[in-house]
Amino acid sequence: MPVTILGIESSCDETSAAVLIDGQIVSNITADQSVHAKYGGVVPELASRAHQANIIPVVSATLRDANIDLKKLNAVAFTQGPGLLGALMVGTSYAKGLALALDIPLIAVHHMQAHILAHFIKYPHPQFPFLCLTVSGGHTQIVLAQDHLQMKVIGQTIDDAAGEAFDKTAKMLGLNYPGGPLIDKYAKQGNGDKFHFPEPQVPDLNFSFSGLKTSILYFLRDEIRKNENFIQENLYDLCASIQKTIAGILLKKMIKAAKHTGIREIAISGGVSANSELRRLFTENAKELGWNIYIPDLEYCTDNAAMIAITGYYKYLKKEFAEQTIIPLARIPELKSH
Ligand code: KG4
Ligand code: ZN
């Protein structure tokens, strides 16, 4: 009997559903929420409402695309956290209701673990133990993965996440939310060596991005005093320079983590791993560093339900099921920091 799992993701501003049959993703459909663009960030209440409107059509479309009936499902996996509480509530309630109605197991998934297990959707898979740099809108972590379900955070940001660094500096440049993909787009026409920003000096394997954000803010303020069109005239070079700085900071810390642990199986994941400069920089340096590098396809970098379904699959094999009393958690401590 094949194992068929429905995955549901609703932690932030993407409503996504995926169907996995025997470890293979057969459908993955995501509805983005354009409603936030003009506010410069995700508005939690608007996100919850959009999830409510989207969840049933997205699940129906996914089942149709997979050509399966609800009755074929063996389990429902959903994002329990971390994320926006109201947004998580929608996916959690829907998954609980469906599991109850179909009398099938319910599986709670940790969103950050799912970003890492996105590497098991397609071959080649990283070999255990491996290190994963998970860079998203809310988190920046270096995780030591010992097994599909055993992971330890060995470094993380002490302030802003890498995605926030992209989004907040994009906002200073007058770009809409989310600014990361726009910086990436404009950087393609710019010179990354044009402007230099100080790199944070953080000991151990932790990160800090708030100092970089402040230095860019002051730099722009000073330049605009001299020339009010400074941003418009230098947008492409600014984007390329900011992107190059952030990618460089991430690579340096990963080199340190690899040396510290002696691990050469290196993966990147999360929304910021969609960044073309980060992908290029890690790929370009991997050979010299003796790394086997793993970078997910673009559709599995940003939030998606395929990663929830694959994590659900590994939990299903271990019979790690949730009770109907389970609640979503905005902060969830499961991936342990040492
Ligand atoms: O993993 P994700 O989809 O959601 C969270 O779990 O937070 O990550 C979203 C983040 C946003 O900060 C967005 O700007 C960033 O990923 N991002 C990018 C790119 N695509 C998405 N940052 C830089 N370059 C990109 N191409
Ligand atoms: Zn995410």
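The values are calculated or read from the model by the stated rules, or taken from the named source; none is laboratory data. Only a predicted model underlies this, so the values are computations on that prediction, with no experimental measurement involved. Please note: Cβ atoms are built from the backbone with ideal geometry, for glycine as well, and neighbour counts cover all protein chains shown. Side chains are part of the model used for accessible areas, which takes the heavy atoms of the whole protein and leaves out ligands, DNA and RNA. Shrake-Rupley method; radii C 1.70, N 1.55, O 1.52, S 1.80 Å.
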Taking Ala330 as the residue in question, decide whether it is within 27 Å of Ser208 (Cα to Cα) and of a type in the set (A, V, I, L, M, F, W, C).
-> yes
Considering each of Lys226, Lys252 in turn, give the residue that is open to solvent by 50 Å² or more (accessible area, probe 1.4 Å), modelled with pLDDT of 95 or more, in the same structural domain as Asp167 (by TED's automatic domain parsing) and within 26 Å of Leu205 (Cβ to Cβ).
-> Lys252
Restricting attention to helices (runs of 4 or more DSSP H) lying wholly within region 109-192, give those where 3 or more residues are within 16 Å of ligand 2 (Cβ to nearest atom), small (Gly, Ala, Ser) and at pLDDT 95 or above.
-> 162-172
Working only within region 222-238, note down all residues that are free of Cβ contacts under 8 Å to residues at least 12 places away in the same chain and part of a helix (DSSP H, G or I).
-> Asp222, Glu223, Ile224, Arg225, Lys226, Phe230, Gln232, Glu233
With Glu288, Glu277, Glu284, Glu299 as the choices, which residue is open to solvent by 70 Å² or more (accessible area, probe 1.4 Å), assigned to a helix (DSSP H, G or I) and within 12 Å of ligand 1 (Cβ to nearest atom)?
-> Glu299
Does Ala101 satisfy the criteria of being outside the structural domain of Leu251 (by TED's automatic domain parsing), free of Cβ contacts under 8 Å to residues at least 24 places away in the same chain and either away from ligand 1 (no atom under 16 Å from the Cβ) or part of a strand (DSSP E or B) (or both)?
-> yes
Looking at Lys194, Lys188, Lys152, which one is basic (Lys, Arg) and more than 21 Å from Glu233 (Cβ to Cβ)?
-> Lys152
Checking Val76 against (1) in a helix (DSSP H, G or I); (2) more than 16 Å from ligand 2 (Cβ to nearest atom); (3) not aromatic (Phe, Trp, Tyr), which single condition isn't satisfied?
-> (1)
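I'm trying to understand the selection: among the residues of region 1-21, which are in contact with a strand residue (DSSP E or B) (Cβ under 8 Å, 6 or more places away or on another chain), assigned to a loop (DSSP other than H, G, I, E, B) and away from ligand 1 (no atom under 14 Å from the Cβ)? Talk me through it step by step, then tell me what you get.
If we filter region 1-21 for residues that are in contact with a strand residue (DSSP E or B) (Cβ under 8 Å, 6 or more places away or on another chain), which is where we start, we get 2-11, 13-21.
Now narrow it down to the ones that are assigned to a loop (DSSP other than H, G, I, E, B): 2-3, 10-11, 13.
Selection gives Pro2, Val3.
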Restricted to region 151-204 and to residues being β-branched (Val, Ile, Thr) and closer than 16 Å to Ile246 by Cα, the residue farthest from the chain's Cα centre (by Cα) is Val202
Six or more apart or on different chains, Cβ under 9 Å: which pairs go from a residue in region 38-49 that's closer than 10 Å to Tyr177 by Cβ and assigned by TED's automatic domain parsing to the domain that holds Cys12 to one that's of a type in the set (Gly, Ala, Ser) and open to solvent by 40 Å² or more (accessible area, probe 1.4 Å)? Could you list them?
-> Val42/Gly137
Out of all the residues in region 1-27, which are at pLDDT 90 or above, open to solvent by 10 Å² or more (accessible area, probe 1.4 Å) and either under 16 Å from the mean Cα position of the chain (by Cα) or more than 22 Å from His119 (Cα to Cα) (or both)?
-> Cys12, Asp13, Glu14
Might you check whether a residue that is crowded, with 21+ Cβ neighbours inside 10 Å and more than 14 Å from ligand 1 (Cβ to nearest atom) occurs anywhere in region 29-39?
-> yes
Are there any pairs with C-beta distances below 9 angstrom linking a residue in region 57-69 that is in contact (Cβ under 8 Å) with a residue 12 or more places away in the chain and exposed (fewer than 15 other Cβ atoms within 10 Å of the Cβ) to a residue that is part of a helix (DSSP H, G or I) and of a type in the set (Phe, Trp, Tyr), with the two at least 6 apart or on different chains, and if so which?
-> none
